[in-house]
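Undergrad: Before anything else, here's the structure in question.
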Protein chains: 2
Amino acid sequence: MSQRTIGVTEVALRDAHQSLMATRMALEDMVEACEDIDQTGYWSVECWGGATYDACIRFLNEDPWERLRTFRKLMPNSKLQMLLRGQNLLGYRHYEDMVVEKFVEKSAENGMDVFRVFDALNDPRNMARAMAAVASTGKHAQGTICYTISPLHTVDGYIKLAGQLLDMGAQSLALKDMAALLQPQPAYDIVRGIKETYGDGVQVNVHCHATTGVTLVSLMKAIEAGADVVDTAISSMSLGPGHNPTESLVAMLEGTPYTTNLDHDRLIRIRDHFAKIRPKYAAFESATLVDTDIFTSQIPGGMLSNMESQLKAQGAGDRIREVMEEVPLVKADSGHPPLVTPSSQIVGTQAVFNVLMGKYKVMTGEFADLMLGYYGECIGPRNPEVVAIAQAQAKKEPITCRPADLLPPEWDKLVADAQALPGNDGTPEDVLTYAMFPGVAPGFFATRPDGPKNVGKTPDQVEAEKTSAKDVAGAVKGPIKYKVTLGGREHSVTVERA
Amino acid sequence: MSQRTIGVTEVALRDAHQSLMATRMALEDMVEACEDIDQTGYWSVECWGGATYDACIRFLNEDPWERLRTFRKLMPNSKLQMLLRGQNLLGYRHYEDMVVEKFVEKSAENGMDVFRVFDALNDPRNMARAMAAVASTGKHAQGTICYTISPLHTVDGYIKLAGQLLDMGAQSLALKDMAALLQPQPAYDIVRGIKETYGDGVQVNVHCHATTGVTLVSLMKAIEAGADVVDTAISSMSLGPGHNPTESLVAMLEGTPYTTNLDHDRLIRIRDHFAKIRPKYAAFESATLVDTDIFTSQIPGGMLSNMESQLKAQGAGDRIREVMEEVPLVKADSGHPPLVTPSSQIVGTQAVFNVLMGKYKVMTGEFADLMLGYYGECIGPRNPEVVAIAQAQAKKEPITCRPADLLPPEWDKLVADAQALPGNDGTPEDVLTYAMFPGVAPGFFATRPDGPKNVGKTPDQVEAEKTSAKDVAGAVKGPIKYKVTLGGREHSVTVERA
């Protein structure tokens, strides 16, 4: 039987730890696995972008560009892949085109090969410039469809969007299911539709999270429909809010007309490496194993916990049900955006405001911008009454053009501002760090000479916890202060495990 | 689109807690969920048999018959289902036919509807009497194929075994994948083969564990091939060494030509109930999330940990690799039995003995019996040289007949012996308890009046642990006594959280 080889993108170095452990994994906990990853036979290795850049400078005192260069050196045979939020780059606003071009140019120069470009609203205009920039570096530009469910989202609509991305020069397409909403039948229908409409030669990559427990089946159906590459994470970095296990994908395809051709012994070594590392970051993990609520609530887990903490902070923790009912209404008013960073935060926070303060009595600046077109176009029309409220509150006109078209050139000012910061090294890379994270960059530049820090536990601590858990349940790890009364006199005693 | 309705067997009340928490769940932690389970629309509710009977009397001081009667009362609309080890009933040896008949008769009388009858070696002769007994009570007799992988096991072989079970009067067939070895393609091929060979009217149930992360896909393929009923566990009692989540199955089928027709609101209530209960039994859970090693090692996880503790007890913990290489050889010598209770223990222990004391230098009595045919026939021939060693060591002749044919009538003696025990209530049910667990029953009869005990934590303990974990990690819950030397003088200090 002749088998079709399915490519695999390994996400352990980026999305897996972003989803499982709040993006906290330090580079030093990855380097040992790189040679094996490089030799396994993956189609690509996702290792940069998304929230990793932010986490590097905010939590790890690590230069993200140095991380990228290290990956490039350690994985010379692999295509390195990143996730790029289109015109937002890795930050949280739109950037003027020259900044986008500089970022892509420097990323390519430092070693990036495959750029998965997406926009939270699926507005192709927000992806166009980044994709063109990738093309001009000669690297691989992947256009992305963010998958969501709404009364307006249809298989045909996704197929049409695929065509727009191809017209924009996408060398491949990613079907990105960040909320584990992609069920087997639509997975099949969308991939099949793309292949039938635009030809079998169009490369389709499928990215699913595992949260709902159903998406390995969706990958199977996508493969049967012709998908070329799928995203998975090595088993010791998989499941829950993360991804399907790479080894399970391999096992799934055995005996079928498909195969992965991954190196089995390398997979075991990668697995064993991360099985050792993962417990170091246990404090950052959530307890979610499987959660199918999203199929009815349509609210991603991370968004829900965000809204819960906002409510609690206002002493209104008991009103989460009302907020959950408000979310679909706000989503509909804003034209049914997919709920992914930043739209999930924008819609969620406005739903909280509506419940606490009355419907659209107070609008966040971000929600007003969303209603006025400053994030781009959604699939559906926006509610004109709410647009009018936004206009009045924000004192801004609605727009219909590409949001970045309104931005004046900003590169030279960013260079000047960045270079005025102590510790700035004068490179365009540092300008980009400052451009995307103006609040965090100054502190990072100042502390960078101290070198990376690891926020995980040390192997000794992990071992000690295991032992002490088995050992004397509840013994002090400390230091902890106690009041100890001895012979009628009270003492203050600090206790710590010897 | 007309959809085919797929039946679902919910395993939360039996196999799920057997697999996840060493069968320790007390009846009182299940009763609250029963009304919802009864109203959800399951094809059947697995709730008895397997290891639950043993665990009830060994750990929970609970009468398993009372448990069954309680389920019958609380779930009047449901088909109750049990797992029955054929001629072994729920014990660990072969019983004479009249004991088998009594057991089935009493189980039916106390409320059992569906009997899933299996034999560890897939020897139909070991299932025949139990299945005939079920038929004569008018209840549902399900014949079982234990799925394994070996050089001798083929799709055609499984289809042939299905035919033997149907000839023996099976009203349905179960494809039982206790080690999560069933990959999507063979799942499809076996179910399709059975349907094509014996007709679409033959009911096929598919039971998979989730350990390897791949078997929800196998259920999908089995359904596409015509499977009628699949086994799942409510999500809060799922995954790891357990089963695929019921809600994920429901989501998987949406939009396909198949549906489950389960009541969504009931599922949520069942889930929430067990989400509350599961943490009480955390001490019994293993850390395994996903493990695909078995595809190469062919050693189920539980068997591996058994062998490891045997080796450690002999100070030879470092020899596990040798034992893992020995297992397939011992398995081949004994004719390739599926590795499931009790064959997994028998083969595993002999592999340990071979490594520690030399190849077949010392044979366990059970392994000698396996080699001499006292457990029945395997798919392959046994190695004649090893049979000769078994014969010499055990001083017994090999047999070819059905093992139970050699057993003299034993019911009357069991009645007399059981009734001599203090606390015995004189019922045939108590005789059966004694028959299956002669070592445990006397103690259980004596302590039964004390009533069931719950070995899980109390909700207060679970809450306290959550709080203290969030609070000061590692603070003493105490009280714990310390010796504290202070200024050269030793003090005895009791410390407890203020």
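Undergrad: What are the residue pairs meeting all of these: first residue in segment A:168-180, first residue within 17 Å of A:R85 (Cβ to Cβ), second residue among the charged types (D, E, K, R), Cβ atoms under 7 Å, and 6 or more apart or on different chains?
TA: Note: pairs meeting the criteria are A:A174/A:R116.
Undergrad: Right, here's the next one. A:A108: open to solvent by less than 10 Å² (accessible area, probe 1.4 Å) and in contact with a helix residue (DSSP H, G or I) (Cβ under 9 Å, 6 or more places away or on another chain), yes or no?
TA: no
Undergrad: Identify the residue in segment B:283-299 that is in a helix (DSSP H, G or I) and open to solvent by 50 Å² or more (accessible area, probe 1.4 Å) and, among all such residues, is nearest to the other protein chains (Cβ to nearest Cβ).
TA: B:T296
Undergrad: In segment A:229-242, which residues are open to solvent by less than 10 Å² (accessible area, probe 1.4 Å), of a type in the set (A, V, I, L, M, F, W, C) and either touching a Cys at 6+ places or on another chain (Cβ under 9 Å) or on the phi > 0 side of the Ramachandran plot (or both)?
TA: Result: A:V230, single match.
Undergrad: Checking A:V347 against (1) within 14 Å of chain B (Cβ to nearest Cβ); (2) over 30 Å from A:M30 (Cα atoms), which test does it fail?
TA: Among (1) within 14 Å of chain B (Cβ to nearest Cβ); (2) over 30 Å from A:M30 (Cα atoms), the lone unmet condition for A:V347 is (1).
Undergrad: A further question follows. Checking the structure you have, find out if any residue of segment A:63-72 is open to solvent by 10 Å² or more (accessible area, probe 1.4 Å), part of a strand (DSSP E or B) and of a type in the set (V, I, T).
TA: no
Undergrad: I would also like to ask the following. Hey, B:V472 hits all of (1) modelled with pLDDT of 85 or more; (2) open to solvent by 30 Å² or more (accessible area, probe 1.4 Å); (3) in a loop (DSSP other than H, G, I, E, B) but one; which does it fall short on?
TA: (1)
Undergrad: Now for a separate question. Specify which of the listed residues (A:G199, A:G169, A:G226, A:G157) is surrounded by fewer than 20 Cβ atoms within 10 Å (Cβ to Cβ), at pLDDT 95 or above, away from chain B (no Cβ under 14 Å) and within 23 Å of A:D113 (Cα to Cα).
TA: One residue alone meets the criteria, A:G169.
Undergrad: In segment A:351-399, what residues are among the basic types (K, R) and touching a residue at least 24 places away in the same chain (Cβ under 8 Å)?
TA: Matches in segment A:351-399: A:R382, A:K396.
Undergrad: Given the residues A:L152, A:L182, A:L175, which is the only one that is surrounded by fewer than 20 Cβ atoms within 10 Å (Cβ to Cβ) and modelled with pLDDT of 95 or more?
TA: A:L152
Undergrad: Sticking with this structure for a sec: So, of the residues in segment A:229-242 that are of a type outside the set (S, T, Y) and at the interface with chain B (Cβ under 9 Å from one of its Cβ atoms), which turns out to be nearest to B:V214 (Cα to Cα)?
TA: A:L239
Undergrad: If only one of A:R67, A:R72 is modelled with pLDDT of 95 or more and touching a helix residue (DSSP H, G or I) at 6+ places or on another chain (Cβ under 9 Å), which one is it?
TA: A:R67
Undergrad: Could we say that B:P245 is open to solvent by less than 10 Å² (accessible area, probe 1.4 Å), within 8 Å of chain A (Cβ to nearest Cβ) and of a type outside the set (D, E, K, R) here?
TA: Yes; evaluated as a whole, the condition is true for this residue.
Undergrad: Consider segment B:429-450. How many of its residues are crowded, with 16+ Cβ neighbours inside 10 Å and more than 17 Å from B:G49 (Cα to Cα)?
TA: 4
Undergrad: Which residue out of A:I320, A:I346 is within 30 Å of A:K160 (Cβ to Cβ) and either touching a residue at least 60 places away in the same chain (Cβ under 8 Å) or open to solvent by less than 60 Å² (accessible area, probe 1.4 Å) (or both)?
TA: Only one candidate qualifies: A:I346.
Undergrad: Just the residues that are under 18 Å from B:L166 (Cβ atoms) and either open to solvent by 10 Å² or more (accessible area, probe 1.4 Å) or hydrophobic (A, V, I, L, M, F, W, C) (or both), please, taken from segment B:202-221.
TA: B:V202, B:Q203, B:V204, B:V206
Undergrad: Look at B:D36 and say whether it is part of a helix (DSSP H, G or I), open to solvent by less than 30 Å² (accessible area, probe 1.4 Å) and more than 28 Å from B:A435 (Cα to Cα).
TA: Judged against the criteria, B:D36 is a match.
Undergrad: Still on this structure, I have one more. Within segment A:254-270, work out how many residues are on the phi < 0 side of the Ramachandran plot and open to solvent by 40 Å² or more (accessible area, probe 1.4 Å).
TA: Looking only at that region, the number is 8.
Undergrad: Of everything in segment B:115-163, what is part of a helix (DSSP H, G or I) and polar (S, T, N, Q)? Give them in sequence order.
TA: Selection gives B:N126, B:S136, B:T137.
Undergrad: Within segment A:120-147, can you find the residues that are open to solvent by 10 Å² or more (accessible area, probe 1.4 Å), of a type in the set (S, T, N, Q) and in contact (Cβ under 8 Å) with a residue 40 or more places away in the chain?
TA: The answer is A:N122, and nothing else.
Undergrad: Filter segment A:191-209 down to residues that are within 26 Å of A:S344 (Cα to Cα) and either touching a strand residue (DSSP E or B) at 6+ places or on another chain (Cβ under 6 Å) or basic (K, R) (or both), then give me how many there are.
TA: Result for segment A:191-209: 6.
The values are calculated or read from the model by the stated rules, or taken from the named source; none is laboratory data. The structure displayed is predicted, hence computed values, not measured ones. Note that each Cβ is placed from the backbone with ideal geometry, even for glycine, and that neighbours are counted across all protein chains shown. Surface areas here come from the heavy atoms of the whole protein model, side chains and all, with no ligands, DNA or RNA. Shrake-Rupley method; radii C 1.70, N 1.55, O 1.52, S 1.80 Å.
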